[in-house]
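The structure under discussion appears below in the form of structure tokens.
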Amino acid sequence: MRNAEQVRRLTPEEAGQRIPVRLRGVVTFYDEGLYSRFIQDSTAGIYLREMTNMPALTPGEEVEVEGVTSPGEYAPVVLPSSVKPIGKGTMPAPKPVSLEQLVSGREDSQFVEVSGIVRCVRFEEETQQYLIDLVTGGERFTAYARQLPVSQIEELPDSTVKVRGVCSTLFNRQRQLFGFRLLVPRLADLVIEKPAAGNPYDIPTQSLSSLLQFTPKGTFGNRVKVSGTVIYQESGIALFIQDGREGLYCQTRQRLPMNAGDRAEVLGFPAKGEYTPVLQDAVFRKAGAGAPAEPAAVDLNEALSGTHDCRLVRIKAKLLERTQRGREQFLVLEREGFIFHGYLGQDANGAGFLPLENGSQVAVTGVCLIERGSGWRAGEGWRAKSFRILLRSPQDVVVLKSPPWWTLKKLLWIAGALGLVTVAAFSWIGVLRRRVQKQTGIIRQQLQVEATLKERYLDLFENANDMVFTHDVAAHITSINKTGERVLQRSRDDILSRNLLELMAEDQRVTARQWLDQVVAGAEVPTTEWDFINAGGQRVKLEISSRLIEQNGRIVEVESIARDITERRRLEREILEISNREQRRIGHDLHDGVCQQLAAITYLVDILGDRLEQKRAPESAEAQRIGNMINETNAEARSVARGLFPVRLEEHGLVRALEELAGAASSRYRVVCRFVGQAILTKVDSEVELHLYYIVQEALLNAVNHGKATSVIVTLAPEGDRLKLTVQDNGMGFEISGKGRSGMGIRIMRYRAKVIGATLELQSQVHQGTQVTCVFNPSSREPARTANNV
């Protein structure tokens with residue numbers, strides 16, 4: 001497909017077939033923080049999915065994109081495989097659109113133009129973008145911009161602006177639109193058509209009663225200024241003011257603290273509320289201090305008439321119930337058979353209502369908010385469906401009369417309780433007698449079960465296939481089964497007279513002591529391998545898992561299960577050696593056989609090409625291409641041969657082999673791979689060299705394929721009387737599981753380290769790269785042990 005409109009016309013099923021695409025267009029918006037990458041050609045705009053190593057793009061830059069189609073999450077998109085900047089292009093002419101076009105979703109990813117009135121502006125730290133809320137045609141939407149065309153953020157609200165940007169659709173998981181936003185690529189794409197007043201508070205003050213009243217002239221949609229006495233504030237959410245007989249609900253994000261009675265000047269955009277107008281996107285300032293407003297005493301009929309909506313009122317009622325939902329507390333109140341609620345908001349400093357009894361007669365003071373309901377008619381007879389009282393503090397509830405203590409309900413409860421106590425007293429005597437008899441039988445049965453279980457446990461302990469033993473915190477063996485006697489070829493009395501460390505190989509006792517200290521300390525120690533010496537002086541390799549046994553909160557001993565894995569480890573080593581020998585044979589055959597033959601064929605093709613060129617035959621160019629292809633095949637075959645078996649390792653040793661491996665990785669994977677080291681004076685065993693080479697090779701593959709690293713450093717340096725090999729990358733990293741689980745590659749690296757008697761340590765953190773460290777003895781072939789048995 002060659003243009004964006006072809007991609008946009010695909011159905012999700014067709015786009016999911018990954019049809020090849022090659023587009024040439026202009027970048028209309030690019031910001032990785034917003035996951036937004038849009039280009040537009042002469043037909044339409046289209047969204048680009050993320051791509052590894054995508055170059056940073058600039059609006060107005062012309063690019064060539066190759067990739068495949070994808071159904072996307074709303075409209076078809078392009079999944080790029082390459083994005084190539086060509087040079088400076090020309091931004092497309094913005095398409096003037098209506099509100100209906102934007103909310104239809106048809107303009108998704110298109111560079112459009114729309115005008116609206118700015119409601120509010122805020123800066124988002126996470127994306128480093130200004131979020132500009134605008135209204136056009138009664139619909140609210142947000143424009144994202146890096147810069148503003150004003151010096152102060154407060155200058156933009158109430159301005160009429162023309163916005164040019166990419167229409168970015170907001171959608172749900174069912175591919176359905178629920179909103180849109182405009183992504184503004186440049187400062188020049190945000191044009192002020194009608195600026196706001198220089199000082200917004202200089203505009204005339206309107207009375208609260210004049211909001212949304214009929215007027216044959218004037219404008220709608222711009223900000224107005226009102227003033228009044230503060231009667232309630234919920235910081236960052238709402239401010240209620242009152243002016244004479246009118247009240248007003250102001251929606252605001254401002255957190256300037258105001259006290260009841262303060263005079264406030266409020267700027268905002270009038271909009272219809274539940275019954276009386278509200279002021280949206282309001283900002284305010286304190287104009288002075290004053291006495292708190294006096295609440296109007298109302299009855300039920302006055303509250304439902306609507307004339308006291310958003311005003312401070314006081315009403316008497318009966319308390320039916322009080323409860324709490326989250327941080328919001330509320331009262332269930334009743335007046336003349338009508339149920340309504342009193343709410344105590346989240347800004348009450350955590351204070352609760354004073355002790356209130358259900359049935360009390362109370363007077364509640366707060367802001368009256370009516371609920372209009374579905375029915376309405378003109379005239380004095382209309383009444384609201386309901387209302388609620390927004391309380392300012394617990395002190396807004398005053399108890400007028402407490403309920404009588406002696407009620408019929410309480411008398412019935414007391415009489416019932418006395419009857420139950422009498423019946424229970426006579427019944428309890430009979431119950432106790434039966435319970436004693438039953439408990440005696442249960443105790444006899446439990447003793448019999450415990451004796452049976454003890455016998456079964458001893459049978460399982462003695463006849464288990466694995467060696468089972470216990471020892472105290474000082475490592476003195478306290479019990480062992482028959483399998484342990486057979487594995488160690490010692491009698492039980494001989495074993496029980498020894499310390500566990502005495503039965504281990506002498507070269508492992510220091511690290512084994514560290515392992516035992518960790519077990520006794522309660523650390524989570526994984527299954528560990530140790531070498532034991534049997535009565536015949538032979539090494540027996542045991543895989544041991546241990547757990548602490550506690551009594552009354554005190555550690556008394558350690559229980560362990562040991563499995564003889566000597567034969568398994570021998571077979572694993574033989575399998576690995578067979579695999580290495582077979583890789584070596586195939587690598588030699590490729591390097592010394594196939595590669596040499598390909599080189600000879602290349603030489604013959606070059607001679608043939610020269611002869612054809614001398615005869616001026618047109619086939620000479622074909623011969624030259626054939627020769628180039630054979631050379632590329634020969635290079636690939638040599639690379640495969642080096643991957644199967646490093647010929648350089650056998651010829652020149654470990655240092656030269658690692659230098660060649662680093663250079664090959666840089667060329668093949670397009671990463672910066674360096675080897676840092678020096679010539680090794682100590683002779684390294686050939687098998688040790690081979691395993692180390694494969695460990696580095698596996699670490700490089702993990703860094704490039706899984707870690708997405710761009711830089712890898714391989715280091716070889718002395719470490720005391722041993723050598724340390726390190727592979728450090730700057731990739732994505734990962735969380736190392738505490739349970740010892742890892743991928744096959746990591747397990748193979750660890751096993752190779754064990755085979756040559758080396759210790760391998762893996763360190764990694766998410767987004768901070770990975771480091772593989774292998775410390776080895778140049779001539780050692782016996783497996784080493786650490787407290788963690790890495």
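The values are calculated or read from the model by the stated rules, or taken from the named source; none is laboratory data. This structure is a prediction, so every number in the text was calculated from the model and none was measured. Every residue, glycine as well, gets a Cβ built from its backbone with ideal geometry; the counts of neighbours run over all protein chains shown. Just the protein is used for accessible areas: all its heavy atoms, side chains included, with ligands, DNA and RNA removed. Shrake-Rupley method; radii C 1.70, N 1.55, O 1.52, S 1.80 Å.
What is the P(r) of the range 217-338, as percent of Cα-Cα pairs per 10 Å bin from 0?
With 10 Å bins starting at 0, P(r) equals 12, 36, 35, 15, 2, 0.
Extending each Cα 7 Å along its Cβ direction at A297 and K409, get the distance between those two points in nm, one decimal.
3.0
H652 to E125: extension gain in nm, 0.36 nm per residue of separation minus the Cα-Cα distance?
Taking H652 through E125 to full extension adds about 184.1 nm, to one decimal.
May I ask which residue of S207, L658, V283 lies farthest towards the positive end of the charge dipole of the chain, with charges of +1 (Lys, Arg) and -1 (Asp, Glu) on Cβ and the Cα centre as origin?
Of S207, L658, V283, it is S207.
For a quick size check, give me the Cα extents of the range 1-92 along its three principal axes, largest first, whole Å.
35, 26, 19
R175 to V676: FRET efficiency via 1/(1 + (r/R0)^6), r the Cβ-Cβ distance, R0 51 Å, to the nearest 0.05?
Details: r = 52 Å, r/R0 = 1.02.
With R0 = 51 Å, the Cβ-Cβ based efficiency is 0.45.
Compute the whole-percent fraction of alpha carbon pairs in the chain spaced more than 52 Å apart.
Value for the chain: 53 percent of Cα pairs lie more than 52 Å apart.
In vacuo Debye scattering of the range 186-256, one point per C-alpha: log10 I(q)/I(0) at q = 0.15 Å⁻¹?
Log10 of I(q)/I(0), two decimals: -0.69.
Quick one: of K95/K272; K225/K316; K482/K754; K316/K385; K272/K385, which pairs are farther than 23 Å apart, Cα to Cα?
Result: K95/K272; K225/K316; K482/K754 exceed 23 Å.
Can you pull out the trypsin sites (Lys or Arg not before Pro) in the range 205-295 whose DSSP state is coil and whose Cβ has at most 14 other Cβ atoms within 10 Å?
Within the range 205-295, the qualifying trypsin sites (Lys or Arg not before Pro) (loop, at most 14 other Cβ atoms within 10 Å) are K217, R245, R253, R255, K272.
Taking K and R as +1 and D and E as -1, what net charge do the other residues with C-beta under 15 Å from the C-beta of S402 add up to?
My count for the surroundings of S402 gives +4.
In square nanometres and to one decimal, what's the mean projected area of the convex hull around the Cα atoms of the range 657-732? Intermediate values should be presented prior to the final figure.
Working: hull surface 19.9 nm².
Taking the Cα atoms of the range 657-732, their convex hull projects to 5.0 nm² on average.
Can you tell me the FRET efficiency between R49 and L453 if r is taken as the Cβ-Cβ distance and R0 is 51 Å, rounded to the nearest 0.05?
My answer for the efficiency is 0.25.
About the Cα centre, and with charges only on the beta carbon of Lys, Arg (+1) and Asp, Glu (-1), how big is the dipole of the range 48-115? Nearest 20 debye, please.
100
What is the set of long-range amide H partners of S82 at a cut-off below 5 Å, with H atoms built 1.01 Å from backbone N?
Amide H neighbours of S82, under 5 Å, 5+ apart: E66.
Per residue of the range 605-618, in order, report the coupling 6.51 cos²θ - 1.76 cosθ + 1.60 (Karplus, θ = phi - 60°) as ³J(HN,Hα) in whole Hz, putting x for Gly and Pro.
Those phi angles translate into 5, 4, 4, 4, x, 4, 5, 5, 5, 5, 7, 6, 7, x Hz.
Tell me the carbon and sulfur percent of the accessible area for the chain, rounded to whole percent, probe radius 1.4 Å.
Exposed carbon and sulfur together represent 52 percent of the surface.
Please state the Cα pair-distance histogram of the range 390-520 with 5 angstrom bins from zero: what percent is in each bin?
2, 7, 9, 9, 8, 6, 5, 5, 5, 5, 5, 5, 6, 7, 7, 5, 3, 1, 0
Counting helices only, and only those DSSP H runs with n ≥ 4, report the 222 nm mean residue ellipticity of the chain as the sum of -39,500 (n - 2.57) divided by its residues, in deg cm²/dmol to the nearest 500.
Dividing the helical sum by the residues of the chain leaves -9000 deg cm²/dmol.
Which one, V556, Q538, L571, projects farthest toward the positive side of the charge dipole computed for the range 507-574 from Cβ point charges (K/R +1, D/E -1)?
Q538
With charges set only on the Cβ (+1 for Lys and Arg, -1 for Asp and Glu), what does the dipole of the chain come to about its Cα centre, in debye to the nearest 20?
Dipole magnitude for the chain comes out near 2160 debye.
For the chain, what relative contact order do you get, as a whole percent, if you take Cα pairs closer than 8 Å and at least 6 residues apart? Walk me through the numbers on the way to the answer.
Details: 1524 pairs, mean separation 36.8, N = 790.
Relative CO of the chain lands at 5 percent.
Averaged per residue, what accessible area in Å² does the chain show with a 1.4 Å probe, protein chains only?
Solvent-accessible surface per residue comes out at 55 Å².
Against the globular-protein guess of 2.2 N^0.38 Å, express the Cα radius of gyration of the range 132-271 as a ratio, rounded to two decimals.
1.23
Stretch S686-N358 to full length: gain in nm at 0.36 nm per residue minus the Cα-Cα span? Before the final figure, lay out the partial values.
Details: separation 328, 0.36 × 328 = 118.08 nm, distance 8.94 nm.
Full extension of this stretch gives 109.1 nm more.
If I take R0 = 60 Å and measure r between the Cβ atoms of E524 and V332 in this structure, what FRET efficiency does the formula 1/(1 + (r/R0)^6) give, to the nearest 0.05?
After rounding, the FRET efficiency stands at 0.70.
So if each residue of separation counts as 0.36 nm, and I subtract the Cα-Cα distance between Q206 and T715, what length gain in nm does that give? It would help to have the intermediate numbers written out before the result.
Working: separation 509, 0.36 × 509 = 183.24 nm, distance 7.66 nm.
Full extension from Q206 to T715 adds 175.6 nm.
Between L571 and Q768, with labels modelled 7 Å along Cα→Cβ, what's the label distance in nm to one decimal, could you check?
Simple spin-label model gives 4.2 nm for this pair.
Label-point separation (nm) for E64 and L608, each offset 7 Å from Cα along Cα-to-Cβ?
Computed distance between label sites E64 and L608 equals 3.4 nm.
Non-local amide H neighbours of G757 (under 5 Å, H modeled in plane, Pro and chain starts lacking H): which ones?
Close amide H contacts, sequence-distant or interchain: A784.
Taking H placed 1.01 Å from N in the peptide plane, check which residues at least 5 places from Q765 or on another chain put their amide H under 5 Å from its amide H.
It is F734, by chain and number.
Pop out the ³J(HN,Hα) list for the range 754-771 in order, Karplus 6.51 cos²θ - 1.76 cosθ + 1.60 with θ = phi - 60°, rounded to Hz; leave Gly and Pro as x.
4, 4, 9, x, 9, 10, 10, 10, 10, 10, 7, 9, 4, 6, 10, x, 9, 10
Less than 10 Å Cβ to Cβ from E265, Lys/Arg counted +1 and Asp/Glu -1: what total charge do the surrounding residues give?
Here the count lands on +4.
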